[in-house]
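Working notes, beginning with the structure itself.
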Protein chains: 2
Amino acid sequence: VGVAAVVTAAGSGSRLGLAVPKALARVGDAPLVVHAVRAVQASGAVDHVVVTVPVQHRDAFAEVLAPLDVVCVVGGPTRQASVAAGLAAVPADARVVLVHDAARALTPPEVVARVVGAVLDGHPAVVPVVPVTDSVVSVVGEVRPVDRTTLRVSQTPQGFDRDALARAHRAAAARAATEGEAATDDVSLCAAIGIPVSVVDGHLDALKITLPVDLVVAESLLAARATVPSEAPGGRA
Amino acid sequence: VGVAAVVTAAGSGSRLGLAVPKALARVGDAPLVVHAVRAVQASGAVDHVVVTVPVQHRDAFAEVLAPLDVVCVVGGPTRQASVAAGLAAVPADARVVLVHDAARALTPPEVVARVVGAVLDGHPAVVPVVPVTDSVVSVVGEVRPVDRTTLRVSQTPQGFDRDALARAHRAAAARAATEGEAATDDVSLCAAIGIPVSVVDGHLDALKITLPVDLVVAESLLAARATVPSEAPGGRA
């Protein structure tokens with residue numbers, strides 16, 4: 001069974017204070033998108049990588065991705081449209097498709113392998129998760145504490161049976177025409193049409209790099225890996 | 001109306017890799033507990049500060065807190081017991097009591113003032129909150145996406161009508177005798193006995209410093225404040 005990954009790299013860099021897309025921001029020796037692709041490939045579980053890039057910056061992405069064995073495609077105006085464009089570029093033999101956010105650049109390869117394994121085990125929609133460490137309140141009606149042990153934080157890569165993901169995206173596109181887009185990730189699109197969602201363990205290193213302080217965190221995590229490579233898989237947990 | 005703050009500083013430093021309590025870890029020019037007390041006092045809204053400290057390290061805390069106008073009391077074996085011990089040491093004229101975690105050392109003074117203001121406006125239990133920025137799933141029964149706009153992340157200082165907080169702690173102590181402790185913060189203890197909880201805006205700088213990477217973040221936030229002091233209140237938001 002072929003396995004493909006769609007890496008979305010279309011996010012703007014505005015909240016990082018950058019004029020270029022976030023995925024081109026550098027940490028350590030490379031841009032975020034390069035770290036993300038390297039980790040996917042290092043998992044040994046993925047055969048094809050498609051990167052969706054913003055049209056205005058396609059040349060810059062082509063340049064940084066040239067040394068890697070990936071296909072670049074131009075994304076769409078929304079995250080959902082970009083994933084759909086990436087999915088359309090996935091080779092036909094790939095029956096398992098991951099969707100990964102380039103901003104989760106330091107996701108350990110073991111997480112990628114775990115997600116693929118769960119899909120190959122028959123789970124049609126798989127999301128890596130980490131515990132909720134903060135206290136949380138619900139603010140619908142009266143404010144009340146929520147038992148955080150009932151919740152998990154979603155990460156990427158999310159993994160799918162290809163047909164299930166394609167079906168979820170077709171349904172989402174049809175809904176978007178009348179209701180607008182609501183879901184923030186791909187397992188939510190699957191859940192919306194009744195496809196069961198499964199969880200596997202994610203990793204705190206897979207944080208989404210969004211704000212300037214997140215780049216500081218990422219540099220620190222990379223430096224720690226370089227110093228004590230054997231401890232890298234354990235990370236923050 | 002007198003306003004008092006109980007600053008809890010009993011957390012261990014083990015997850016920071018330290019042999020001393022977390023609140024003695026240094027960022028910038030001072031230990032976390034000193035930053036926390038300074039911010040409470042800088043709010044201009046608090047008349048008395050009580051710091052609860054672990055008995056084994058009371059001398060070290062007394063030393064770093066000596067230049068500040070605070071009362072140190074020895075905490076208990078649990079967070080809840082420490083808060084109760086701090087509350088017992090609050091002067092009788094204080095009708096408003098804040099409970100603040102020393103590990104949220106960089107909480108801006110404006111958040112402290114906002115919490116006090118809400119209690120003075122008649123809200124018996126007030127929690128500062130920030131939006132949930134991650135995608136979240138519920139894992140009770142089938143995995144399903146949760147609308148994160150219905151949730152908020154709780155921070156401290158939490159603010160209380162003194163009598164309401166005392167009542168909530170007495171009830172919690174009675175429950176703990178039979179059920180053990182479950183709540184992770186003080187507004188939860190209030191909610192458990194039907195006291196209405198209100199929210200005010202917190203601040204992303206009020207992160208809880210728990211892991212080594214959080215110290216890196218804290219140093220970065222402090223450095224940014226030193227460079228551009230006028231932007232400090234805006235912070236990460």
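Here, each number is a calculation from the coordinates, and none is a lab measurement. In this text, all values refer to a predicted model and were calculated from it rather than measured experimentally. Reconstructed Cβ throughout: ideal geometry from the backbone, glycine too, with neighbour counts over all protein chains shown.
Taking the empirical scaling 2.2 N^0.38 Å for compact globular proteins as reference, chain A has a Cα radius of gyration ratio of 0.99. Take each residue of peptide A:146-158, count the partner chain Cβ atoms within 10 Å of its Cβ, and average: the result is 5. When you restrict to C-alpha pairs under 8 Å that are six or more residues apart and normalise by the size of the range A:135-229, the relative contact order lands at 18 percent.
Each residue, B:Asp69 and A:Arg38, gets one label point 7 Å from its Cα in the Cβ direction; the gap between the two is 5.4 nm.
If only the Cβ of Lys and Arg carry +1 and only the Cβ of Asp and Glu carry -1, the dipole of chain A around its Cα centre is close to 280 debye. Computed from the alpha carbon atoms alone, the convex hull of the range B:169-231 holds 113 Å³ per residue. Mean sequence separation of contacting Cα pairs (under 8 Å, at least six apart), scaled by the length of chain B, corresponds to a relative contact order of 22 percent.
Semi-axes of the equivalent ellipsoid of the range B:19-61 are 20, 14, 6 Å, computed as sqrt(5λ) over the eigenvalues of the C-alpha gyration tensor in descending order. Between copies, B:Asp201 shows label-point distances of 4.0 nm, shortest first, with the point placed 7 angstrom from Cα along Cα to C-beta. Using a 7 Å projection from Cα along Cα-to-Cβ, the label point at A:Arg95 is separated from the same position in the remaining copies by 7.2 nm, smallest value first.
Cα centroid separation, the range A:27-73 to the range B:123-167: 38 Å. Mean projected area of the convex hull spanned by the Cα atoms of the protein assembly as shown, taken over all viewing directions: 23.6 nm².
Highest average first, the peptides A:58-68, B:142-152, B:98-108 ordered by how many other beta carbon atoms sit within 10 Å of their residues are B:98-108, B:142-152, A:58-68. Dividing the alpha-carbon radius of gyration of the range A:80-193 by the rule-of-thumb value 2.2 N^0.38 Å gives 1.19.
When the protein assembly as shown is described by a simple charge dipole with +1 on each Lys and Arg Cβ and -1 on each Asp and Glu Cβ, the residue from A:Ala218, B:Val116, B:Ala174 located farthest towards its positive end is B:Ala174.
Looking at chain B, the DSSP beta bridges with both ends there are about 40 percent antiparallel. B:Ala66 sits among other residues whose Cβ lies under 15 Å from its own Cβ, and their net charge, with Lys and Arg +1 and Asp and Glu -1, is -1. Relative protection proxy for B:132-139, B:191-198, from highest mean packing down: B:132-139, B:191-198 (other beta-carbon atoms within 10 angstrom). Using +1 at the C-beta of Lys and Arg and -1 at the C-beta of Asp and Glu, which of B:Leu165, B:Ala23, A:His48 has the Cα lying farthest in the positive direction of the dipole of the protein assembly as shown? Result: B:Leu165, furthest along the dipole toward the positive end. Just need log10 I(q)/I(0) for the range A:73-122 at q = 0.14, 0.28 Å⁻¹, Debye formula, equal scatterers on the alpha-carbon atoms, no solvent, rounded to two decimals. Debye intensities relative to I(0), on a log10 scale: -0.44, -1.11. With its label point put 7 Å out from Cα toward Cβ, B:Asp29 sits 4.0 nm from the same residue's point in the other copies, in order from shortest. Only Lys, Arg, Asp and Glu carry charge here, each on its Cβ (+1 for the first two, -1 for the last two); on that basis the protein assembly as shown has a dipole of about 180 debye about its Cα centre.
With only the Cα atoms considered, the range B:20-102 has a convex hull volume of 91 Å³ per residue. A Cβ-based charge dipole, computed about the Cα centre of the range B:94-182 with Lys and Arg at +1 and Asp and Glu at -1, lands at about 180 debye.
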